[in-house]
Every structure is written in C-alpha cells, then in structure tokens.
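Written below as structure tokens is the structure these notes are about.
The values are calculated or read from the model by the stated rules, or taken from the named source; none is laboratory data. Since this is a predicted model, take the numbers as computed values, not measurements. For neighbour counting, all protein chains shown are included, and Cβ atoms are generated from backbone atoms with ideal geometry for every residue, glycine included. Ligands, DNA and RNA are excluded from the accessible area calculation, which covers all protein heavy atoms including side chains. Shrake-Rupley method; radii C 1.70, N 1.55, O 1.52, S 1.80 Å.
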Amino acid sequence: MNSKIAKWSRRLRGLRFGRPIIVVSGLPRSGTSMAMKMLEAGGIPLVVDGRRRADEDNPKGYYEDERVKDLASTDDKLWITNGRGKAIKIISYLLKELPRNRNYKVLFMRRNLQEILASQTKMLQRRGESSDTDDRRMMDLYEDHLWKVGYLIKHTPHLEVMDLTHREVIEDPESAARQIDDFLGGGLDVEAMARVVDRKLYRNRA
C-alpha cells in the first residue's frame, strides 16, 4: 500500500471509527514504560490499573493493565475499543489481537537486542529466576518476532506506527517528545514529556 492510499484509508477509517486509540508497544524491556510516562506528562489519559507496583527494575512504574494479558484468550475487548484518545501499553506479541474495528496510533519502542537481553537477565536474577533459552536462541526469536510485527504493520490498515529508538529517546528526549506530539496531532506538553526521561535509568548498554 503506497503512502497516498494509506493516508486516504486512514482518513476514511477516522471518519468511520473516530479518534484513534494510542498504543505503546515493543519487546519487553524496550522502554515502553518510559514512553507511557512521557504520554502521561504530555496530558494523555492512560488505561492502567496500578496493580503492578514500581520496583528496582522499573522505579518509575510499569503503567500496565492486567487485562492486556488476556487479549489472546478472550472476546471481551470492549474496554479497549472504548479507549479512544487514551494510551494503553500492549506488548508487541499481542498487537495482532487488537480489534480491527478501531484505529490505533502505535508508538513502537525499539532497542538494541543485546541491551534487552541484558536487562531481562538482570530482572530474572533479581527475582531468583532463570531462562531456559540461551541468548543466541533468544536473539533469533526476537528477530523473527520483529519481522512478523513489521509484516503485520504493513498489511493492516488499522495500525499507524511510529518507531522510537530507546537510546535516541534517552539521549535527546526533547526531540523524541516533539516527534510524539507531531505523530499524535499536537497539543501535548512537550517540555513536560522531555523532563520525565531519566537518563540514570539507562543501565544496560550494548
């Protein structure tokens, strides 16, 4: 689908389904919680339940809603379709489960896979857990999954996606905040969004 057709298709879907639902997505440990905090600071209402508390791995909070975990196993998704104008954090593995009778603007966090693996390993160690899959195999699984996500995005008109790179958000939060504001149609508090990015939390670097 070329850019003109895609733009026209999104416009028609906007007239039919109304304001988009904002989705923050990506692999685990890719910076999705940081992006949610930026949206909150910018003035976007969030869909969260507060059940998962902040801890050493995410000192600023997780910004999750437990109902997301059931997307693949339930038909009760009205709570998502009622989330127009709000932001929901949905792991990339579950993007395919989003109801297609709505529009979504997706902020997709991308991060160096070695950094993701390092962060995931440290989190498991703090919990006294371990992975049964070695790092090389996990890298292959992540790469295969990201390819599938890319294919999904290209072939589904209800998903409009902007990529954000974890490192670039950390190093230049002002620019990232402006990009997010532009993608979502403007009107956000860009300065407040940039201020909540904490460089000290970039603890696992490739």
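Brief remarks on what is shown
- Long-range HN-HN contacts of residue 46 with modeled amide H, under 5 Å: 87
- For the listed residue pairs 37/200; 37/96; 69/200; 105/148; 89/200, the alpha carbons are over 26 angstrom apart in 69/200.
- Estimated FRET transfer efficiency (residue 67, residue 174; beta-carbon r; R0 30 Å; 0.05): 0.35
- From its DSSP helices (H runs of at least four residues, each -39,500 (n - 2.57)), the chain gives a residue-normalised ellipticity at 222 nm of -13000 deg cm²/dmol.
- In the range 22-94, GluC sites (Glu not before Pro) in a DSSP loop with at most 15 other beta-carbon atoms within 10 Å: 56
- Of all aspartates and glutamates in the structure, those lying under 12 Å Cα to Cα from residue 86, and not within fewer than 8 positions of it along the same chain, are 40.
- Computed from point charges on the beta carbon alone (+1 for Lys and Arg, -1 for Asp and Glu), the dipole magnitude for the chain about its Cα centre is near 680 Debye.
- Net lengthening on full extension, residue 199/residue 151 (0.36 nm per residue, minus Cα-Cα): 14.1 nm
- Length released on extending from residue 81 to residue 127, taking residue separation times 0.36 nm less the Cα-Cα span: 13.1 nm
- Accessible carbon and sulfur surface of the chain relative to its total accessible area, %, 1.4 Å: 47
- Summing Lys and Arg as +1 and Asp and Glu as -1 over all other residues whose Cβ lies under 11 Å from the Cβ of residue 117 gives a net charge of +2.
- A DSSP coil position with no more than 14 other Cβ atoms inside 10 Å describes the following trypsin sites (Lys or Arg not before Pro) in the range 124-199: 127.
- Inter-label distance, nm, simple model (7 Å from Cα along the C-beta direction), residue 56/residue 19: 4.1
- Inter-probe distance in nm under a simple model that places probes 7 Å from Cα toward Cβ, at residue 96 and residue 140: 1.9
- Anchor residue 77: aspartates and glutamates whose Cα lies under 19 Å away (excluding residues fewer than 8 positions away in-chain): 49, 64, 65, 66, 97
- Counting Lys and Arg as +1 and Asp and Glu as -1 over every other residue whose Cβ lies under 15 Å from the Cβ of residue 40, the net charge comes to -2.
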